[in-house]
Every structure is written in structure tokens, then in C-alpha cells.
Amino acid sequence: MRRGRRLLVALALLAPALLGFAPGDSGETISLAGNLPGERLDVTLTQVVDPAAPTNPDGPAGPDDPAGPDRLVATRFRLENTGTAVYRDSPAPATHLLDADGQRFTGLDLPTAAGPAFPGTVTLDPGATAEGFVTFRLPADAEPAAVQFALNGGLADDVGQWSLPLPIP
């Protein structure tokens, strides 16, 4: 079972390179273009907090949340507008986490004890930067394998992907 899972992870991580994604490692900056002229960001995954504690343990995403999060994973990004157009977008839905089984999780605007989340909409003039966390809700046994980010609400053709270290069995 573990061997099949590893093969799936290898395929999930290789596919983006074959499909025109820009791969990177945690801490590496990837330059991404948007769908409109002048849209360009340098995006850096700077930190992964797994598990991330909710800021309010009894509120949404806490242990008593009816949605029943098994665990939260928070990813910190640095965004720098290197284009000529104003960047105005929502980072959370533009970010996805892939687990070792190939499941894809969409980012949430959910604050955690790891640090401040990005606001619902980030606006950056050319040359400006912003940092913040995007949070994911995962099953307790999910093994994070990669994080993806794209402009235009995640719909841009240019997608950055960072590999995450997998635990050794």
C-alpha cells in the first residue's frame, strides 16, 4: 500500500513540471504571471506550520467546530508585485495543498496561532509586498506533499508548486 501511495505522490509532483507548472522547494521564489497584461508576482513559500492551532479553540475550526477539522496546516507566503499592474486578488482560494494520496485542498481565510492570515482581498501596487498565512483543513492522517499558488483566484495558467517534505515511514 505504501509503495502505491509513493508512486501516486511521485506522479502528482512530476505532473506539474510536465504541464508547465513552475516547481520549487520551500523557501524558493517563483515568478508567476496572471491572465491580464502586467500581472506578475514573485511568490515565496516561507513557512509551513503543521499542525497549526486555531486562534479560538472553541470557535470555527476549533475542536467543537461541526465541520470537524482533523487538523489545520498553515502556509506562510511572501508576495511581491513585480509587474506593472496593480495586483488585487484573494490568496486563499488561489492556493491549494496536495496530499500524498493526490487529494487537493483549497486554502481558507482562517486565522491560526501560526500568524496572521492574508485579508480576504490583497491589493499590491507594483513593487509592493505582503506576507500572510493561508490555512488548510486536512484529515488527521493526510500527508502534505505540495502547495500550489496561481494568480487570478487560482485560475491563471501559470501555477507555482512547492514540494513539501514527506515523513519517512
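Bear in mind these aren't lab numbers, they're just calculated from the coordinates by the rules spelled out. Note that this is a predicted model, so its numbers are computed, not measured. Cβ atoms come from the backbone with ideal geometry, glycine included; neighbour counts cover every protein chain shown.
Brief remarks follow.
- Label-reachable residues, region 72-99, where backbone N falls under 14 Å from a point 7 Å from THR129's Cα toward its Cβ: 77-82
- Within the shell defined by Cβ-Cβ distances under 11 Å, the residues around GLU39 carry a net charge of 0, with Lys and Arg each +1 and Asp and Glu each -1.
- Within-15-Å neighbourhood charge of GLY120 [Cβ basis; K, R +1; D, E -1]: -1
- Within the shell of other residues whose beta carbon sits under 11 angstrom from the beta carbon of LEU98, the net charge comes to -2, with Lys and Arg scored +1 and Asp and Glu -1.
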